[in-house]
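Some notes on the structure that comes next.
The values are calculated or read from the model by the stated rules, or taken from the named source; none is laboratory data. Keep in mind that this is a model prediction, so the values were computed, not measured. Here the Cβ positions follow ideal geometry from the backbone for every residue, glycine too, while neighbour counts run over all protein chains shown. Protein only, heavy atoms only, side chains kept; ligands, DNA and RNA dropped before computing areas. Shrake-Rupley method; radii C 1.70, N 1.55, O 1.52, S 1.80 Å.
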Amino acid sequence: MPQFNKTILGFSIKFSVTRDKKKARDEVFLTYLKRMISGMERNTFLYKGRKYAMNSIANYRKILNIWPAFEASTGKKSLRFSDITMEMYSRFLEFCNTSGYMDSTKYQYVSLIKSIMNCALEEGCSANSVQNCKGFVTHRQVPVYKRVYLTRDEISRLAGLRLQDNTAMEKVRDVFLVGCYTGQRFSDYSRISTDDIETISIEGIEFKALRKVQRKTGKTVMIPILEDGLLDIISHWGGRLPDVSISNFNLRIKELCRMAGIQGEVVIPCERGGCRSSTRKQKYELVSSHTARRSYITNLYMDGRLSTEQIRSISGHSSEESFKRYLCQNLEEEAKEIIRRYYTQRT
């Protein structure tokens, strides 16, 4: 390296060399991903100081599995981070479409790729930040049929069902109701017990709340118990909710909602790339384990008594953007909400 007597020139050259070295670190995407997953499995690669959950690692492995096929579709091997441009982003979406992936799967993959690229950028293994451009979209607008939620009246009808000693159906109904009363994911609300209950004292008055560490994120949330039915359900099952398999759960909750008279036709557009057809289903047919979380968040938001930040502190959403995708109001409900809030503020 040439030496300079003037300090200012010496500083300038050093800065230039450092920047060039950073540009030279342009790893092969697949090589970096393999090392990243290996670190996750050994707990040496952490997320905000926390270990990655097994289901998160499994999701990253999906990218590891499909990436060679994507490279083959581009006619290039060993794509480096610098090769991932907006054009390559579009080609990946096209690859997912032609491979028959659903839109939800396609954008899950894009979100994972963005996460990988950000990790590489932070580690200095890439100088590419195209993933943070506005056009690098990682999700699409939630379709109408996935914005299904149960109103408070519908939840009450479900709670009031007489199941005539059908224990299997009663288990599913009660676990689902706990999801509607807490706003958590199935992996969290299905394992709630008395061990999670804490007492909060406000000016001498005692209230109950749940403290839960969310499995997906490792985040701790406090869930004020706002529905007396929640404690009744936990007590009914001896302090711990019964075990239910997710596959049986999603089948039985649809039948339970049908029995509760939860109806209304919903148009379902085809999700696969290039498909323009649609089908029609009844609302109860679209209810699943995740509907409980959407119902809690939407109903609490529509009450208008809590801010979105307060609801997010319960649900565990880290961003306003991801939180809003859980709001399931239709246009009429949104108009009513605007009118109600407008006139409330005026008075």
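For labels at LEU161 and LYS34 in the simple 7 Å Cα→Cβ model, what's the distance in nm?
5.0
Can you grab the distance from the C-alpha centre of region 283-304 to the C-alpha centre of region 199-254, Å, no decimals?
Taking the Cα centre of each part, region 283-304 and region 199-254 sit 16 Å apart.
In nm, to one decimal, how far is the ASN118 label point from the ARG91 one, both placed 7 Å along Cα→Cβ?
With each label point 7 Å from Cα toward Cβ, the separation is 2.5 nm.
Within the set of other residues whose C-beta is less than 12 Å from the C-beta of PHE92, count the net charge using Lys and Arg as +1 and Asp and Glu as -1.
For residues surrounding PHE92, the net value is -1.
Using 17 Å as the cut-off for backbone N distance, which residues of region 221-237 belong to the label zone defined by a point 7 Å from the Cα of LEU306 along Cα→Cβ?
Under 17 Å, as judged by backbone N against the label point of LEU306, lie 221-231 of region 221-237.
Convex hull over the alpha-carbon atoms of region 25-133: what's its volume per residue in Å³? Present the calculation step by step, with values, prior to reporting the outcome.
Values: hull volume 11.0 nm³, N = 109.
With only Cα atoms used, region 25-133 gives 100 Å³ per residue.
Label ASN55 and MET222 with points 7 Å out from Cα along Cα→Cβ: what is the distance between them in nm?
Placing both labels 7 Å beyond Cα along the Cβ direction yields 2.6 nm.
Between their Cα atoms, which of LYS134/LYS281; LYS77/LYS216; LYS34/LYS76; LYS51/LYS212; LYS216/LYS254 are more than 29 Å away from each other?
Among LYS134/LYS281; LYS77/LYS216; LYS34/LYS76; LYS51/LYS212; LYS216/LYS254, the Cα-Cα distance tops 29 Å for LYS134/LYS281; LYS77/LYS216.
Tell me the net charge near LEU241. Cut-off is 9 Å between Cβ atoms, LEU241 excluded, with +1 for each Lys or Arg and -1 for each Asp or Glu.
+1
Rounded to the nearest 0.05, what FRET efficiency is calculated for ARG42 and ASP195 with R0 set to 30 Å and r the Cβ-Cβ distance?
Efficiency computed from Cβ-Cβ geometry: 0.45.
Once a ≥ b ≥ c are taken as the square roots of the eigenvalues of the Cα gyration tensor of region 138-228, is the result rounded (a/c under 1.5), prolate (a/b larger than b/c) or oblate (a/b not larger than b/c)?
Numbers: a/c = 1.69, a/b = 1.15, b/c = 1.47.
It is oblate, given that a/c is not under 1.5 and a/b is not larger than b/c.
Is the C-alpha gyration tensor of region 207-302 telling us rounded, prolate or oblate? Criteria: a/c under 1.5 is rounded; beyond that, a/b larger than b/c is prolate, otherwise oblate.
Prolate shape, in that a/c is at least 1.5 and a/b is the bigger ratio.
For a Förster distance of 22 Å, can you work out the FRET efficiency between the beta-carbons of ASN132 and ALA72, rounded to the nearest 0.05? Before the final figure, lay out the partial values.
Values: r = 27 Å, r/R0 = 1.24.
For R0 = 22 Å, the calculated efficiency reads 0.20.
For a Förster distance of 41 Å, can you work out the FRET efficiency between the beta-carbons of ASN65 and ARG240, rounded to the nearest 0.05?
Values: r = 37 Å, r/R0 = 0.90.
FRET efficiency, ASN65 to ARG240: 0.65.
By its C-alpha gyration tensor, with a ≥ b ≥ c as the square roots of the eigenvalues, how is region 181-240 shaped: rounded for a/c under 1.5, else prolate for a/b larger than b/c, else oblate?
oblate
Leaving ligands, DNA and RNA out of it, work out the accessible area of THR217 with a 1.4 Å probe and give it in Å² to the nearest 10.
50
Relative contact order of region 38-153, please, whole-number percent, based on alpha carbon pairs below 8 angstrom and at least 6 residues apart.
The normalised contact order for region 38-153 reaches 21 percent.
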